[in-house]
Amino acid sequence: MIGESVNPLAVTRDAWREAAVRAGVSAVEVEVICSDRDEHRRRVASRSVDIPDLELPDWQQIIQREYEPWNRDHVVVDTAGQEPKESVALVLSAVPGHG
């Protein structure tokens, strides 16, 4: 099972982790960041959405979001300067049986 979502708050991360526990599956928690602020902003401005009527946050909304630092071990993938396939490889290498 793969669950993907923006989880800037511990309470939402905890809920995803609890879903894995209830499902009886292991959980690998991944924080995806882009440490290059200019690149991050460019990505925000150029993205598209395939869900009708879904309003994506703009740059100002993103940088003003509340964020709680992680309080447990997790995988951090910095996408700055790498292709999506490289980011995916880093995530998969952290999944037991796929590294």
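Look through the range 1-13, keep the residues that are outside any helix (DSSP H, G or I) and among the small types (G, A, S), and return whichever of them is modelled with the lowest pLDDT.
The residue in question is G3.
Here's a check for you: in the range 65-94, which residue that is of a type in the set (A, V, I, L, M) and outside any helix (DSSP H, G or I) is farthest from S35 (Cα to Cα)?
V75
Can you find even one residue in the range 32-54 that is out of contact with any Phe, Trp or Tyr (no Cβ under 6 Å at 6 or more places or on another chain) and in a strand (DSSP E or B)?
yes
Picking from D73, D58, which residue would you name as being of a type outside the set (S, T, N, Q) and either closer than 17 Å to R13 by Cβ or exposed (fewer than 10 other Cβ atoms within 10 Å of the Cβ) (or both)?
Exactly one of D73, D58 is of a type outside the set (S, T, N, Q) and either closer than 17 Å to R13 by Cβ or exposed (fewer than 10 other Cβ atoms within 10 Å of the Cβ) (or both), namely D73.
Take the residues in the range 1-54 that are β-branched (V, I, T) and in contact with a strand residue (DSSP E or B) (Cβ under 9 Å, 6 or more places away or on another chain); name whichever of them is nearest to G97 (Cα to Cα).
Selected residue: V28.
Based on this model, can you work out whether W16 counts as in a loop (DSSP other than H, G, I, E, B) and modelled with pLDDT under 95?
Considered against the rule, which asks whether it is in a loop (DSSP other than H, G, I, E, B) and modelled with pLDDT under 95, W16 comes out as no.
Working only within the range 1-47, note down all residues that are among the polar types (S, T, N, Q) and surrounded by 10 or more Cβ atoms within 10 Å (Cβ to Cβ).
Hits for the range 1-47 are N7, T12, S26, S35.
The values are calculated or read from the model by the stated rules, or taken from the named source; none is laboratory data. Predicted model only: the values in this text are computed from it and were never measured. When we count neighbours, we look across all protein chains shown, and the Cβ atoms used for this are built from the backbone with ideal geometry, even at glycine.
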